[in-house]
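Everything on this sheet refers to the single structure shown next.
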Amino acid sequence: MVSMKSAFSFCTVCMLGMLLVLGGTQASKAQTKQRVGVYDSRAVALVYFQQHAQERMRGLMQKRAEAVKNEDEKEVARLEKQGQLIQAMMHDRVFGKGSANEIMDEMQDAVRKIAEEEQLPLVVSKWELAYQGGNLELVDITDKLVGTMHPNEKMKEGVQAMRNTEPVKEAFLIDD
């Protein structure tokens, strides 16, 4: 015959065992969160364009000046339109949620290195996340990505200022 004390002890041991198993399950669930690298594409675009866009625009302006000199109105109009489109694209990327995929293509080695260091199987712009399930841990690598481009102090200040502002809707419509 089983005594009341033995039955109680048995139940207590069973309950403790269940708590350990369930507690362990929750701990293992927390450990299985997938780490995903995210970055603010506006910050990457800001530094990139401040370093590279001037060269591109300077070349475009030289071509336009040459077309004006040659009285090639069709080429002047084409180059002016191209300049406007480049400006709209830059506004969308720097001030809005425009894609920085082309920039990231040029930064693949840096992205890969940071992803490996941080053990991130995926890196994506934070503006491209349409949904985030509870099993993800988002790791912001914006500063590391920007750092690979060696920004000056003014650029770093601009990146920091972006952290406190939301992207502009229809930023491609900004008119300088």
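Some observations on this one:
- Gap separating the Cα centres of the stretch 63-80 and the stretch 131-171, nearest whole Å: 38 Å
- In plain terms, the residue of Thr165, Thr148 with the fewest other Cβ atoms within 10 Å comes first and the most crowded comes last, giving Thr165, Thr148.
- Residues whose amide H lies under 5 Å from that of Arg35, counting only those 5 or more places away or on a different chain, are Glu137; hydrogens are built 1.01 Å from N in the peptide plane.
- Neighbour-count ranking [beta-carbon atoms within 10 angstrom, fewest first] of Met162, Met90: Met162, Met90
- Of all lysines in the structure, those lying under 17 Å Cα to Cα from Lys63, and not within fewer than 8 positions of it along the same chain, are Lys74, Lys81.
Since every read-out is calculated from the coordinates, none of them should be taken as a lab result. Bear in mind that the values here come from a model prediction, so they are computed numbers and not experimental data. Neighbour counts run over all protein chains shown; Cβ positions are idealised from the backbone, glycine included.
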